[in-house]
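Read through the structure below, which is laid out as structure tokens, and then see the notes.
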Amino acid sequence: MVGNWSLELESSALSWPHRSGLQVQATLDHSQKIWLNGTLEGHCLRTTAGYMNGSGICEDLSAAVCAGNNHNLRMDVQRREGCRESKTLGSLSLEITNQRLIMRASGCLERLTAAEERFHSLSSQIQKDLMERIKTSQHLLTETIKQSADSLLPQEWSSVPLLVLKQAEALLAQGDRGLLSLWLRSSLRRTLTSSLPNFLGQLQQASLLGQQELRRPLATLAGVYQDVKGQRLEAAWKEAVVMWTERLVDVLPAELENPHLRPLSLAGVTALRAALDVAGQHTYHWAETRLAMALSGVRKRLASLYKFIPRECVVTASVPLLNLNFSRAAEHGLLEIMLEEWLLRPLQALASIRPTAELYRLKRKNMDSPFRHEALLVADQFVVTFDGHVYELPGSCPLLLAQDISSNPSFTLLLNTDLQSSLVIRMNNSTINIQRTGQVKVNCKNVVTHGYYSDHGLSVTKGSNNIQVSNQDGQSVSCDLLLELCSFTLDGWLHGASTGLMGTNNNDAGNDFPLRDGSQAKTLEEFFHSWELKPECSKFTETEEQFSKAAMSPASCGSLFSSPDSPLSSCFRV
């Protein structure tokens, strides 16, 4: 304590089972506090630096690193201003789920710059207050030395504190060389604020470019052809057609040299040339559409590998991991296991390929299906399944009508029971709500008025009395508001891809009552209960039980293959 000001330095250490901590604190004039602490609790290490004064200013900056037991790691840097809730300056997380290593990182330059400016402001204010007190103390000590010129002891006692104060003054005078200036000039900050965002942006551009090229694969190959040959593919095709038709004219029989037949033959060749040109263009567009559809899985996997959103300052990367048995790796060696997984197993799978089966699979995936699968929802009360069963829905529970059977469903159709939303559709990572009033919302915020909405392959069209929702994968929902009728349609190449209350779209009416585990329901009660989103709300009656037994009774062979009333009767003759 010197005069009416004081400086206190404190340190404390705490320890109890599975946790320990250390804190250093400086208090100036009993009002301004600066502290630095660190705690270790379990697998988490946390450190915090903060400042507080008597006028209500309270700020701190904390960093934490936590390692979880389920193979995850998380790092966070947070800033709290005015004793309010903390805001994240930056975060990084690593986790392993479903045989994939997922990394998520976030952090905005604006928040970092604001924190740096605030740190500079507070440090300058504290530096100014300390300099004033140091100069005051130097003045007091100098006066003491002058007044005790005849006594050596007071001079010796005053010289040591005076020397310490001069060293402290010199240290504060070099504030431009402090921690903040070192951080501002550091290569780590340049990497985080300049090099890394540029690199992430280039990666995102490369990923988007790759996805765009996979959407139009033949156009990409045509561009490569033009770069190599210096000629557009369309021009090369037209030249080939012209050359072939000219050769055809040259080999025409002599009888066609007759002046009366010559114009007719030339007109026929010209028409053939135009037909070949049109056929080539249509074949090109058809092949490109089918090839893009076949490559949609590759495009989705590429999109799932990396995603960077600059406006939200978020980057996500997902890398598939090999399913290595570490106990076997310890026993036989990691190199042997990796050779087996990376080389021998792919070769074994390649050797077991059946060309006929692969050709059929490719044809089935790329060729147009001769049929489409369609299920109906009538007045939010009745359902006609894909394979023709009709039943009445329980009116009190939200229900799952249809969903992709894959582990990552590409479509989901829900029926709500609240007064607002009637039908909820999930497609292309978007949620569409069709309300009973006819209003359509996308992702709970974008209201679709009369017109057209499109985003990431999803299109929503709203007319005066009809609504159409579809995507590029062959899934569509169409609703007529006047008739209170909604149809859910799947392309033929999605054969057997759906489950739920609308049944299985595999043209087999005998397995049209699936449960969530893939088995078949024995009663209609069990069927409804399996697809209820709130199972506790259902009530089952004796009438429904009788109806369920009638609906689930198997048809006889005679009624299917001999009776004139059979739905297959039109096919008996063939």
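The values are calculated or read from the model by the stated rules, or taken from the named source; none is laboratory data. Keep in mind that this is a model prediction, so the values were computed, not measured. Every residue, glycine as well, gets a Cβ built from its backbone with ideal geometry; the counts of neighbours run over all protein chains shown. These area figures cover heavy atoms from the full protein model, side chains too; ligands, DNA and RNA do not enter into them. Shrake-Rupley method; radii C 1.70, N 1.55, O 1.52, S 1.80 Å.
Descriptive notes on the structure:
- Cross-link pairs beyond the 31 Å C-alpha cut-off, checked among K87/K445; K300/K445; K238/K462; K87/K534; K87/K462; K300/K522: K238/K462; K87/K534; K87/K462; K300/K522
- The modelled label-to-label distance between T437 and L264, using points 7 Å beyond Cα along the C-beta direction, is 7.1 nm.
- Residue-level accessible surface for F561, protein heavy atoms, 1.4 Å, Å²: 130 Å²
- Cut-off of 10 Å, at most 16 other beta carbons, DSSP loop: longest stretch of the chain lacking such GluC sites (Glu not before Pro): 86-483
- Principal-axis analysis of the Cα atoms of the chain puts helix 217-229 at an angle of about 80° to the longest axis.
- Here the simple spin-label model places points 7 Å from the Cα toward Cβ, and for E526 and D227 these points are separated by 6.0 nm.
- Only protein atoms count toward the accessible area here, which uses a 1.4 Å probe; on the chain, the carbon and sulfur part of that area reaches 59 percent.
- The C-alpha atoms of the chain define a longest principal axis, and helix 109-147 lies at about 0 degrees to it.
- Coupling constants for the range 517-527 follow from the phi torsions by the Karplus curve (6.51 cos²θ - 1.76 cosθ + 1.60, θ = phi - 60°), and in residue order they are 8, x, 7, 9, 6, 8, 9, 5, 4, 5, 5 Hz; glycine and proline get x.
- Remark: the range 27-113 carries a charge dipole of roughly 240 debye about the Cα centre, counting +1 on each Lys and Arg Cβ and -1 on each Asp and Glu Cβ.
- Efficiency of FRET from Cβ geometry, Q381 and Q212, R₀ 60 Å, rounded to 0.05: 0.85
- With each label modelled as a point 7 angstrom along the Cα→C-beta vector, the S86-E331 pair spans 4.5 nm.
- Estimated [θ] at 222 nm from DSSP helical runs (n ≥ 4, -39500 (n - 2.57)) normalised by residues in the chain, nearest 500: -12500 deg cm²/dmol
- Couplings 3J(HN,Hα) for the range 307-313, derived from phi with the Karplus relation 6.51 cos²θ - 1.76 cosθ + 1.60 (θ = phi - 60°), are 8, 10, 10, x, 5, 9, 6 Hz, where x marks Gly and Pro.
- Most positive-pole-ward Cα, V440, P567, W244, against dipole of the chain from beta carbon charges: W244
- Gained length - D565 relative to V319, 0.36 nm times residue gap less alpha-carbon distance: 82.9 nm
- Cα Rg over Rh - the chain, Kirkwood: 1.16
- Distance from the C-alpha centroid of the range 1-26 to that of the range 397-419: 58 Å, rounded to the whole angstrom.
- Extension gain, A357 to S186: 0.36 nm times the residue separation minus the Cα-Cα distance gives 55.5 nm.
- Debye, to nearest 20: dipole size of the chain, +1 on Lys, Arg Cβ, -1 on Asp, Glu Cβ: 1220 debye
- All distinct Cα pairs of the range 99-149 go into the 1/r average, and the inverse of that average, the Kirkwood radius, is 15.2 Å.
- Seen from all directions on average, the range 259-303 presents a Cα convex hull projection of 3.1 nm².
- Tilt relative to the chain, helix 262-294 - C-alpha long axis, 0 to 90 degrees, to 10: 40 degrees
- Considering only L414, S476, A49, the residue lying farthest towards the positive end of the dipole of the chain is A49, judged by Cα position with unit charges set on Cβ.
- Note that the range 386-429 presents 45 Å² accessible area per residue, ligands and nucleic acids not counted, probe 1.4 Å.
- Whole-Hz couplings from phi, Karplus 6.51/-1.76/1.60, listed for the range 17-22; x for Gly and Pro: x, 6, 7, 8, x, 9
- The longest stretch of the chain left intact once loop-based trypsin sites (Lys or Arg not before Pro) with at most 12 other Cβ atoms within 10 Å are removed from consideration, loops following DSSP, is 186-444.
- Heavy-atom accessible surface of I145, to the nearest 10 Å², is about 50 Å², with a 1.4 Å probe and all protein chains retained.
- Selection among L94, C108, V378 by position relative to the dipole of the chain gives C108 as farthest towards the positive end (Cβ unit charges, Cα centre).
- For T97, solvent-accessible area (1.4 Å; no DNA, RNA or ligand), Å²: 50 Å²
- Summary of the geometry: the range 226-243 and the range 422-444, compared by the centres of their Cα atoms, lie 47 Å apart.
- Fully extending the segment from C108 to Q281, taken as 0.36 nm per residue of separation minus the present Cα-Cα distance, adds 57.4 nm.
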